[in-house]
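Below: one structure, written as structure tokens.
Throughout, read-outs are computed from the coordinates displayed, never taken from laboratory work. All values derive from a computational prediction rather than experimental measurement. Glycine also receives a Cβ, built like all others from the backbone with ideal geometry; neighbour counts cover every protein chain displayed.
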Amino acid sequence: MHRQIAGMLTGRATKWLVLGLWLVVTVVASTFAAKLVDVQNNEASSWLPESAESTRALEKLTSFQDPNSIPTVVVYEKSSGLTEQDLAAATEDAKRFAEVEGVEGEVVGPLPSQDGEALQTIVTFNFGSDGWNSLPDAADELKEIAGISGGDVYIAGAGGQAADSAEAFGGIDTTLLFSTLSVVIVILLLTYRSPVLWILPILCAGVALFSSQALIYFLAKYADLTVNGQSYAILTILVIGAGTDYALLLVARYREELRRHEDRHEAMAFALHRAAPAILASAATVVLGMLCLMLAEMNSTAGLGPVAAIGISVTFLVMVTLLPALLVICGRWVFWPRVPSFHSPEPTQSGIWARVGRRIAVRPRTVWVATSLLLAVACLGLLRLDTSGLSTEDSYTREFQSITGQQALEEHGLVDRSNTVQVVADAAQGDAVRQAMAGVEGIASPSDPVVIGDVAYVEAVLDQDVSSPAAFDAVEAIREATHAVPGADALVGGGSAFYLDTKEASSRDNQVIIPTILVLVFLILTVLLRAIVSPLILVATVVLSFGAAMGISALFFEYVFGFAGSDPSFPLFAFVFLVALGIDYNIFLMTRVREETQTRGTRAGSLVALTSTGGVITSAGLVLAATFAVLGTIPVVFLAELGFAVALGVILDTMVVRSVLVTAINLDLGGRIWWPSRLDRADRTVQPVAAPDLESVP
């Protein structure tokens, strides 16, 4: 029945119907896909955990301040010393700042440093809910106005950081897309060695990306789905990388079937029938793994789940409908110059993976034990992985003006007055809360309580970077002091409190989501392979591969790239992508092992599976690794680290875990990997395996 459905999708008439349908979808989707950037939400609320204290404080703070207000600091620095003329110029600048569109309230400053080499002026912007998108232009206008002879000017504070963040993600919709496509095209050209064939997977990946972006746009606009710059970047990488992987698997199986069937429509029906279950299992694993992210407290993490799941689901539909239709429409010539003719020999039978399989078969137990030990040693690098978080200065791979401005403030003893800790409490206990705060080190003198209704508001300036450990210590000390005030019901918020709550929520998400995904992957493999032992083995190998990839990455982060640490959410994101995507290659391999075991036995079937899938899985791994490595083009440390770790992990999965470790275990254990099913029950002896006859199974 499955073959009949596959045949219907690629029949002589239906192939044109499928093509026409996707053409209509693409034309409509391309219009709305371009609007996805416009509905991104990069405000704090799109990242903040809903249950966090800083979130609950924010709800009460709306009576005292507009949540859309963004304090911005203009920093003047002159190493030779500021003159009276410089101070007069900065004072005149402050008057002009007040006239800039979006400025609200009083412009504070200029405030000079004690060493006479720096000034700061504080400007507050309010563009409503669109504030974070409007800040880059506003920051540029401030920079055009400000200036002193022989000195430098920087835009810092919350507004400067927002403007720089927008610059870091600027052009992501085009730069990242073209960079990813360029890398994939090169790899496909090397893989297929055809000047034409690579076009079809790329076209299908583009259709999948536009279609998923359009669908996500509607959900973001009308169903409150959270999409930010981070999830947008990952969506592009994921769709193109996974889509190309699915295409490689299908095209490889189609090429096999073209050597067995004279009619290309019949060949595609068989190819789709045999490849689709593995592709479906792979896509389902990624989709369900991504949906597990919805268990996260972090809105940014939870929002990525459905975004990525939609992208993979749409990609799967495109690759099992549009790509097969295009392949049969084009005919055999699309493989030129290596056209697979009817009854021609299968070239993989004598390829590199056939030789690797024969070498492993000599001493499989020695191979898998040695490989496991090497991977375990690589895991020791995890001891150097610091996930305590990154300061603003360390969050980017290049220096932005907000960072330089912050450094100037610290160097000249000026406190960034835009970084405040904000406390709301019961009105009757406002003075007691203020007194409790006054005893905390690391903050300026708290303001007098402001009372509105039954709520009192107290504010104090933090004299540390907003995301530094020192600021976190101050926030924790303030919480401890104010929570101890009887009847105050104090809530501590502000920028540093937000970052601290983000760190704690990420730690909680790691502990909840990682075990959930492991259980889910095991259940999927159990259903797919109809066994228990082999799924346990596969999950164990992927976890070992993950640990090795993270260990090696941690050493590179510290000793090669010079990163100061990692974001608290980095382990979770790396785990999700490495496990959900890394298990794909084991699915591709083991479904073929199971298919061949039914006629050849486990050991011989394992060698045939390695020989048949080795080339395509290696190519798929290179594509996915290269696409994630493209994340390094974005000057954000989190994305650069994620791209490197996932790329390294995928290479380990394809080159070591899948090809060597899993194959060696299969050869050593034989039919025992299928327990408790009856598959290959007779194969109980543990013996070296001679190279099997690799002639294709009819």
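Shape verdict for region 588-645, please, from the Cα gyration tensor: rounded (a/c under 1.5), prolate (a/b greater than b/c) or oblate. Don't skip to the answer; put the middle values down first.
Details: a/c = 5.80, a/b = 3.93, b/c = 1.48.
Since a/c reaches 1.5 and a/b is larger than b/c, the shape of region 588-645 is classed as prolate.
Arrange the peptides 531-543, 240-252 so that the one whose residues have, on average, the most other Cβ atoms within 10 Å appears first.
Working: 531-543: 20.9, 240-252: 27.5.
Result, highest mean first: 240-252, 531-543.
Separation between the ILE199 and SER149 pseudo-spin-labels, each 7 Å from Cα along Cα→Cβ, expressed in nm?
It works out to 6.4 nm between the two label points.
Determine, from the Cβ-Cβ distance of HIS483 and GLU410 and an R0 of 25 Å, the FRET efficiency 1/(1 + (r/R0)^6), rounded to the nearest 0.05.
0.25
Show me, for region 187-192, the HN-Hα J-couplings you get by feeding each phi into the Karplus relation (A = 6.51, B = -1.76, C = 1.60, θ = phi - 60°), rounded to Hz, glycine and proline as x.
Listing the rounded values in order: 5, 5, 4, 5, 6, 7 Hz.
For a protection proxy built on the mean count of beta-carbon atoms within 10 angstrom, sort 335-342, 646-653 highest first, please. Spell out each step's value before the answer.
Numbers: 335-342: 13.8, 646-653: 26.1.
So the peptides 335-342, 646-653, ranked by packing, come out 646-653, 335-342.
Treating only the Cβ atoms of Lys and Arg (+1) and Asp and Glu (-1) as charged, compute the dipole magnitude of the chain about its Cα centre; round to the nearest 20 debye. Before the final figure, lay out the partial values.
Values: 42 positive and 69 negative charges, 1302 e Å.
I would put it at about 6260 debye.
What FRET efficiency, computed as 1/(1 + (r/R0)^6) with R0 = 45 Å and r the Cβ-Cβ distance, is obtained for LEU523 and MET655, rounded to the nearest 0.05?
Details: r = 27 Å, r/R0 = 0.61.
Step by step, r from the Cβ atoms, then E = 0.95.
Check which residues have an amide H placed less than 5 Å from VAL455's amide H, if you skip close sequence neighbours.
Residues meeting the amide H criterion: ALA427.
Calculate one ³J(HN,Hα) per residue across region 569-583 by plugging θ = phi - 60° into the Karplus curve 6.51 cos²θ - 1.76 cosθ + 1.60, and present them in order as whole Hz with x for glycine and proline.
Karplus values, whole Hz, x for Gly and Pro: 8, 4, x, 5, 4, 5, 5, 4, 6, 5, 6, 5, 8, x, 5.
At what distance in nm do the modelled label points of SER69 and TRP675 sit from each other, each positioned 7 Å from its Cα along Cα→Cβ?
Rounded to a tenth, the inter-label distance reads 6.8 nm.
Could you tell me whether region 68-167 comes out rounded, prolate or oblate from its Cα gyration tensor? Rule is a ≥ b ≥ c as square roots of the eigenvalues, rounded for a/c under 1.5, then prolate if a/b exceeds b/c, otherwise oblate. Mind dumping the intermediate values first?
Numbers: a/c = 2.23, a/b = 1.82, b/c = 1.22.
Prolate, because a/c is 1.5 or more and a/b exceeds b/c.
Using packing as a proxy for protection, rank 556-566, 309-319, 429-439 so that the peptide with the highest average count of other Cβ atoms within 10 Å comes first. Spell out each step's value before the answer.
Details: 556-566: 16.2, 309-319: 24.3, 429-439: 18.8.
Per-residue mean Cβ counts within 10 Å order the peptides as 309-319, 429-439, 556-566.
Evaluate the relative contact order of the chain (contact order divided by residue number), counting alpha-carbon pairs under 8 angstrom at least 6 apart; express in whole percent. Each step should come with its number before you reach the end.
Working: 1256 pairs, mean separation 124.2, N = 698.
Relative contact order here is 18 percent.
At R0 = 56 Å, how high is the FRET efficiency between LEU190 and SER79 if r is their beta carbon distance? Nearest 0.05 is fine. Could the numbers behind the result be given before it?
Values: r = 53 Å, r/R0 = 0.94.
Efficiency at R0 = 56 Å is approximately 0.60.
Given that just one value was derived from the coordinates, which of (i) 74, 59, 54; (ii) 75, 75, 45; (iii) 89, 50, 49 is Cα extents along the principal axes in Å?
Looking at Cα extents along the principal axes in Å for this model, the match is (iii).
Let me check I've understood the local charge: for ILE452, count other residues with C-beta under 13 angstrom from its C-beta, Lys and Arg +1, Asp and Glu -1. What total comes out? Present the calculation step by step, with values, prior to reporting the outcome.
On the way: positive: LYS60; negative: ASP426, ASP454.
Computed value for this residue: -1.
Amide H of ALA156 versus every other amide H placed in the peptide plane: which residues, excluding those fewer than 5 positions away on the same chain, fall under 5 Å?
It is VAL73, VAL74, VAL75, by chain and number.
Once phi is turned into θ = phi - 60°, what whole-Hz ³J(HN,Hα) does the Karplus curve with 6.51, -1.76 and 1.60 give for every residue of region 238-249, x standing for Gly and Pro?
Once rounded to whole Hz, the list reads 5, 5, 5, x, 5, x, 5, 4, 4, 5, 4, 5.
List the lysines whose Cα sits under 19 Å from the Cα of LYS221, skipping any in the same chain fewer than 8 residues away.
Within reach: LYS35.
How far apart, in nanometres, would the label points at PHE561 and GLU167 be if each is projected 7 angstrom from Cα along the Cα-to-Cβ direction?
2.1 nm
Please list, in chain and number order, the residues 5+ apart from SER467 or on another chain whose amide H is under 5 Å from its amide H, with Hs placed from the backbone.
THR392
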